[in-house]
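Computed from the coordinates by the stated procedures, all read-outs in this text should not be read as laboratory data. The structure displayed is predicted, hence computed values, not measured ones. Cβ: placed from backbone, ideal geometry, glycine included. Neighbour counts: every protein chain shown.
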């Protein structure tokens, strides 16, 4: 677009006019230029005049906004000439004068023409802006697809020529034509790229198929054809590198692939290792080795997972967990970790149920120590289990009671055997106070035996003590020191110590075991050995 080069003073004058005139227009529109509106009656003429004044005021305000706003901005940016804006200002002044003079129709026509011219120029400016933006984006597309000009010279040349014509139209102010030209250039480039991609994809498919059959020359030709169109095409570069890597080893690679297809991964791995030893820098062999190694690892992990599944189905959670842990050593995998967690949770649930069940059976059978151990493990396994906690508390209490019972019962048996029947009765009564329920049959029998024996030994038994009438005979708590030739006593079965004392003689002590099973018990207590 051309711009008038006027003296600076003239530009300043025009800008002042742009600011002052809209104000004048607004003042006129609010004063004598507006015909009075009559509200008396419904005469058609009065309503028509009011409508005409309203429409005229809208035109005047729209003119002011265009001149003061959008066109003023365009002038400051150099998108419109001062001459054009000045001409519109003069027409706006004429319209304002006509409105002030009451010539509404003339004012409306003048304002409408100013608005039409301004909006047409602004629309042209919008098209020009679109053309400039399209010019930039189209140039970028031409530059991006520059690699295709060798393979599609004629089409690319057509796109360049169309772009150049659009650029000329832009510089000549033919904005609509410029937009059309840029859009046509974009369409040509889009079609060109689509055809190129189709051709490249076809060549890549051909190359891949040839490579799969180890037809290296055919694959090389196809990849090179792609690279002639796009020298940076990644798949073609990679494919050509593979072709080069396979030269001289294609038959061996085919043999290795055949072993893979048969599932003989260990044999394939051994061969690829030997091949890599001869060609340690060959990237293709390195990649194939990694692929086979991964497949072997996947196979081994899958076998361990299958083993775990079978063990779980048999209820052998220990074996299932061991299999998954072995798999995790081969590869730390989130799915394996989740599987392991699930197995441990299942094993925990099964073990807890087993502990609670066997603990209850042990408790019911009177095996309190065993029950306590089982419930203790259950609590450690599931601290929040109320059943485990309750069972552990009950088993612990009964286990303690059972210990007290069994120990006192055993002490009572020893006391009976020693003839200490009162002491045996004390132990027996303590055992009965702590007696748990139930009690094993063997202990029930022992309990009955001891009860019967202690009851039998709870009556006084006649005992005779003989002496020489010179020895003082005494039994602590039973018989004070007394001289006699014979003394008949009635004693409860127990073990007594009968003491004999005589002046000038050594004191003697004789143990007297009183037993209800023995009849006519007697002992002799005489001091015979002088001091």
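Converting the Cα gyration tensor eigenvalues of segment 389-529 into ellipsoid dimensions via √(5λ) gives semi-axes, longest first, of 43, 15, 10 Å. Segment 177-305 gives an Rg/Rh value of 1.20, both radii derived from C-alpha positions and Rh following Kirkwood.
For residue 172 and residue 212, the FRET efficiency from 1/(1 + (r/R0)^6), where r spans their Cβ atoms and R0 equals 60 Å, is about 0.55.
Gyration tensor over the Cα atoms of segment 65-197: the corresponding equivalent ellipsoid has semi-axes (square roots of 5 times the eigenvalues, largest first) of 46, 12, 10 Å. Dividing the convex hull volume of the alpha-carbon atoms in segment 335-388 by its residue count gives 62 Å³ per residue. Give the angle, between 0 and 90 degrees and rounded to the nearest 10, that separates the Cα long axis of helix 104-144 from the longest principal axis of the Cα atoms of the chain. Result, in degrees: 60. Against the main long axis of the alpha-carbon atoms of the chain, helix 283-313 sits at an angle near 40°. At 222 nm, what helix-only mean residue ellipticity would the chain give, in deg cm²/dmol to the nearest 500, using -39500 (n - 2.57) for each DSSP H run of four or more? For the chain, the value works out to -24500 deg cm²/dmol. Between residue 221 and residue 302, the modelled label-to-label distance comes to 3.9 nm, taking each label 7 Å out from Cα in the direction of the beta carbon.
Neighbour counts of other Cβ atoms within 10 Å put 265, 189 in the fewest-to-most order 265, 189.
Expressed as a fraction of 2.2 N^0.38 Å, the value expected for a compact globular protein of N residues, the C-alpha radius of gyration of the chain is 2.52.
Each part gets one Cα centre, and for segment 345-383 versus segment 62-83 those centres are 94 Å apart.
Compute for segment 263-350: radius of gyration divided by Kirkwood radius, i.e. Rg/Rh, restricted to C-alpha atoms, rounded to two decimals. Rg/Rh: 1.17. Each principal axis of the Cα atoms in segment 150-228 has its own extent, and those three values, largest first, are 61, 16, 12 angstrom.
Relative to the globular-protein estimate of 2.2 N^0.38 Å, the Cα radius of gyration of segment 70-113 stands at 1.33.
Principal semi-axes of the equivalent ellipsoid, √(5λ) from the alpha carbon gyration tensor of segment 461-524, are 21, 11, 10 Å from largest down. Over the C-alpha trace of segment 333-458, radius of gyration and Dmax come out as 21.0, 78 angstrom. In terms of the mean number of neighbouring beta-carbon atoms within 10 Å, the peptides 406-416, 435-445, 449-459 order highest first as 406-416, 449-459, 435-445. What is the helix-to-structure angle for 386-418, meaning the angle in degrees between its Cα long axis and the longest Cα principal axis of the chain, kept from 0 to 90 and rounded to the nearest 10? Rounded to the nearest ten degrees, it is 10. Relative contact order, whole percent, for the chain stands at 6, derived from Cα pairs under 8 Å and 6 or more residues apart.
Take every pair of alpha-carbon atoms less than 8 Å apart whose residues are at least six positions apart; their mean separation over the length of segment 149-247 yields a relative contact order of 21 percent.
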